[in-house]
Amino acid sequence: MNTLILKIEEGEKYNISKAAEILKLGGLVAFPTETVYGLGADGFNKEASKKIYAAKGRPSDNPLILHIADWEQIDKIASHVSKEADKVMKAFWPGPLTVILNKKKEVPYETTGGLDTVAIRMPSHPVARRLLHESQVCVAAPSANISGRPSPTTAKYVIEDMDGKIDMIIDGGSVGLGLESTIVDFTSDVPTILRPGFITLEMLKELIPNVVLDKALTAQGRVEHIKAKAPGMKYKHYAPKADLCLIKGEESQVVKKINELAKEKEEEGYRVGIIGTEENIPEYTFGLVKNIGKRGEINSIAANLYRILREFDDSDVQYIYSEAFEEEELGQAIMNRLKKAAGYQMIRV
Ligand code: TXA
Ligand code: MG
């Protein structure tokens, strides 16, 4: 398949009608959102949904998020919106938040992975909003990566994974946030965060004080016996080609430990990578060192994480040591992705 690439330059007028047309006809279009790039298709069209699974190599019981631009579209998808869900949606939409609600019967099981619940999100990225609004399609869109790779934060990575497999890629430059949306389940007794993101536990608590983190998130890797509520969480998550280990503790001790470990491995003949914060970069004396952003600007760390993991996969390093972060506010989402990538390997100093 020949994949069309539509490049959108900032500040210039652009025409998105071809992309909207492809979606209406059941085709696949990758597009930027404020979190990561999505791989979109008409979520009410079974055959279109199936194409998403095929392009990504994704297991068919892992459900998709339906993306909307207009509030009226919720009525087509959800059978009921609780007061709590409504409050949170009004506060954070459009934005990086996904809610799980009970679905209407018209939403195909091909889109929800066989579940009676459905994930819905209203993204804020202007290109995504325009595409959704113009097509008037409820767009099922997972992240636009091959299953098991980090979510793409620029069109370059979408092209790497999807060129030749989908109808169109809209190149809208780098995304702003860099981590997938927060997912909150409103179908159980208490609202439950299934995936942490930019809308943090702390922010949600201000509106719905009873919100909790899913047990699978607090189990520190011992998840075998805890049933994951987001089906995506039970699959082997992205793991870098190299062996990744996180180092947590007082900052100067962390730097010292990473240098010790890196030196040791290099002496054994291995190639080593380091993920460090900008403040500490000059301290690292071994290996291929990557700057993940300023510790004082946690947003920059979220924005750089997936790019750095992809860059290390393209290098020949065999071991990676990374600084760890506090698991509060946005640090919760960053550490959630880092810990999964590390297979929960962490050294405390
Ligand atoms: O930021 C995002 O959410 C991005 C952009 C493209 O919008 N999308 C994204 O989709 O991250 P995906 O498919 O990579 O992740 C969706 C997650 C999966 O872990 C899936 O299992 C979970 O949402 N999910 C979807 N529907 C669900 C449902 N009904 N119940 C529980 N979990 C659900
Ligand atoms: Mg994904």
Worksheet item: How much length is gained on full extension from K156 to K256, taking 0.36 nm per residue of separation minus their Cα-Cα distance?
Response: 32.5 nm
Worksheet item: Between Y270 and E12, how many nm apart are label points set 7 Å from Cα along the C-beta direction?
Response: 4.7
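So if the hydrodynamic radius of the range 1-146 is defined as the Kirkwood radius over C-alpha pairs, what does Stokes-Einstein give as its diffusion coefficient at 25 °C and 0.890 mPa s, in µm² per second? Each step should come with its number before you reach the end.
Numbers: Rh = 15.3 Å.
In µm²/s, the coefficient is 160.
Antiparallel versus total DSSP beta bridges in the chain: what percent is that, nearest 5? Walk me through the numbers on the way to the answer.
Values: 17 of 48 bridges.
About 35 percent, rounded to the nearest 5.
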Item to complete: Return the whole-Å distance between the Cα centroid of the range 6-65 and the Cα centroid of the range 258-319.
Response: 33
Discussion item. Treating only the Cα positions of the chain as identical point scatterers, give the base-10 log of I(q)/I(0) from the Debye formula at each q in 0.07, 0.09, 0.15 Å⁻¹.
Written reply: -0.29, -0.49, -1.28
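For an R0 of 25 angstrom, estimate the FRET efficiency from the Cβ-Cβ distance between L213 and R348 and round to the nearest 0.05.
Working: r = 21 Å, r/R0 = 0.84.
Step by step, r from the Cβ atoms, then E = 0.75.
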Item to complete: Please give, to one decimal in nm, the separation of the simple spin-label points placed at E72 and K105, each 7 Å out from Cα toward the Cβ.
Response: 2.5
Discussion item. Run the paramagnetic zone check for K90: 7 angstrom along Cα to Cβ, then residues of the range 191-216 with backbone nitrogen under 17 Å.
Written reply: 204-209
Worksheet item: Along the Cα-to-Cβ line of N299, 7 Å from the Cα, sits a label point; which residues in the range 121-137 have backbone N less than 17 Å from it?
Response: 124-126
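Working out 0.36 nm times the residue gap between D163 and E47, then minus their Cα-Cα distance, what length gain in nm do you get to one decimal?
Values: separation 116, 0.36 × 116 = 41.76 nm, distance 2.02 nm.
Length gained, D163 through E47: 39.7 nm.
What ranking do 30-38, 178-186 get when scored by the average of other Cβ atoms within 10 Å per residue, highest first? Please report the intermediate quantities before stating the final value.
On the way: 30-38: 28.3, 178-186: 25.4.
Packing order, densest peptide first, comes out as 30-38, 178-186.
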Response to the item:
Going from the fewest other Cβ atoms within 10 Å to the most, one would list I258, I166 as I166, I258
Fill in: 25 Å Cα-Cα reach of K83 towards lysines, excluding residues that sit fewer than 8 places from it in its own chain
K103, K104, K105, K205, K215, K229
Item to complete: Give me the distance in nm between label points sitting 7 Å out from Cα along the Cα-to-Cβ direction at K263 and E283, one decimal.
Response: 1.4
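For C138, C245, what's the fewest-to-most ordering of other Cβ within 10 Å of each Cβ? Show your work: numbers first, answer last.
Numbers: C138 24, C245 18.
Starting with the residue having the fewest Cβ neighbours, the order is C245, C138.
How do E329, E268, E110, E10 line up, fewest other C-beta atoms within 10 Å first? Mind showing how you got there, number by number?
Details: E329 16, E268 10, E110 21, E10 6.
Ranked by crowding around the Cβ, least crowded first: E10, E268, E329, E110.
We did not get these values from a lab; they are worked out from the coordinates using the rules stated. Quick caveat, the model's predicted, so the values are computed rather than measured. Ideal geometry is used to build each Cβ from the backbone, glycine not excepted, and the neighbour counts take in all protein chains shown.
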